[in-house]
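Accompanying notes for the structure given below.
The values are calculated or read from the model by the stated rules, or taken from the named source; none is laboratory data. Fair warning: this is a prediction, and the values are worked out from it, not measured in the lab. Neighbour counts are summed over all protein chains in view; Cβ atoms, including those assigned to glycine, are modelled from backbone coordinates with ideal geometry.
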Amino acid sequence: MIRHAPVVLLGAVCALYVRERRRRLRLERLGAATLETLLDAVDANNPETGEHVRRVARYALILADAADVDEKTKRSIERIALFHDIGKIDGALHDIVNEKSRLTPSERRSIMTHPQGGADVLQPLSAFYPDLAEGVLSHHEKWDGTGYPRQLAGTRIPFTARVVAIADTFDAVTHARPYSHARSMKIATSVIAEARGTQFDPDLVDLFLSPPVMECVLIAMREVHGPRRAAKTRRGHSETQGVPDLTFRWRTPAPEQQPAGR
């Protein structure tokens with residue numbers, strides 16, 4: 001009987017491990033499904049914002065590829081891009097976001113609350129995505145420390161947010177919004193170049209404006225006005241099935257060309 005004790009103990013440990021793994025997978029699937037629901041909420045609140053965040057995610061991924069970041073960082077960048085404007089679904093900001101005239105100073109101050117609002121919405125998911133709320137909170141910080149809401153400067157700004165900030169500005173310039181007209185790609189690149197070292201990370205600006213990256217961005221712009229969402233599929237989940245990466249379902253196939261540096 002004593003000789004069998006180690007075997008019994010090993011079996012108990014394995015059973016405990018399996019139960020814990022199942023519990024963790026169920027929780028992670030819940031977190032992933034919550035992100036998908038939030039992305040649907042962005043679409044329902046304002047389809048133009050939904051299209052905007054998908055374009056930003058595409059441009060951010062192109063820049064992330066060029067920066068040769070690891071897959072974990074790449075996925076973090078994509079999630080932050082997809083949810084960077086979720087703070088704008090606040091009812092108090094809805095009319096301002098859809099305002100067709102130029103924003104007043106008061107309206108701009110209200111809009112400036114959306115990074116904190118978005119971070120507050122996403123904070124409950126920090127156990128699953130610990131860097132998501134922080135990235136969303138930081139996407140309007142500036143390299144020189146004059147951004148908002150915390151006036152972070154330089155490398156104190158999360159790398160993921162620095163990538164998304166460039167993609168966000170590029171799309172804001174090249175696509176019409178209710179309160180602004182679309183401008184050319186040439187103007188957009190000039191805006192980003194002029195903000196090198198003040199608003200944006202200078203190294204990331206140099207990479208984004210490099211010919212290989214610009215070629216990929218141009219291809220992405222020409223494909224569609226906004227990336228079409230991939231059709232959702234209902235998947236049955238067994239207890240051992242891995243966690244679906246739901247934030248990747250929105251993407252159409254990436255262009256064949258890859259930026260140099262991969």
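Tabulated results
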| item | result |
| --- | --- |
| 3 or more residues farther than 19 Å from ASN46 by Cβ and modelled with pLDDT under 90: qualifying helices (runs of 4 or more DSSP H) within the stretch 84-129 | 105-111 |
| Any hit, the stretch 210-229, residues being modelled with pLDDT of 85 or more, part of a loop (DSSP other than H, G, I, E, B) and of a type outside the set (Lys, Arg) | yes |
| Qualifying residue in the stretch 50-66 (condition: free of Cβ contacts under 8 Å to residues at least 12 places away in the same chain, of a type in the set (Asp, Glu) and assigned to a helix (DSSP H, G or I)) | no |
| Lone unmet requirement of (1) surrounded by 14 or more Cβ atoms within 10 Å (Cβ to Cβ); (2) of a type in the set (A, V, I, L, M, F, W, C); (3) under 19 Å from the mean Cα position of the chain (by Cα); (4) modelled with pLDDT under 95 for PHE200 | (4) |
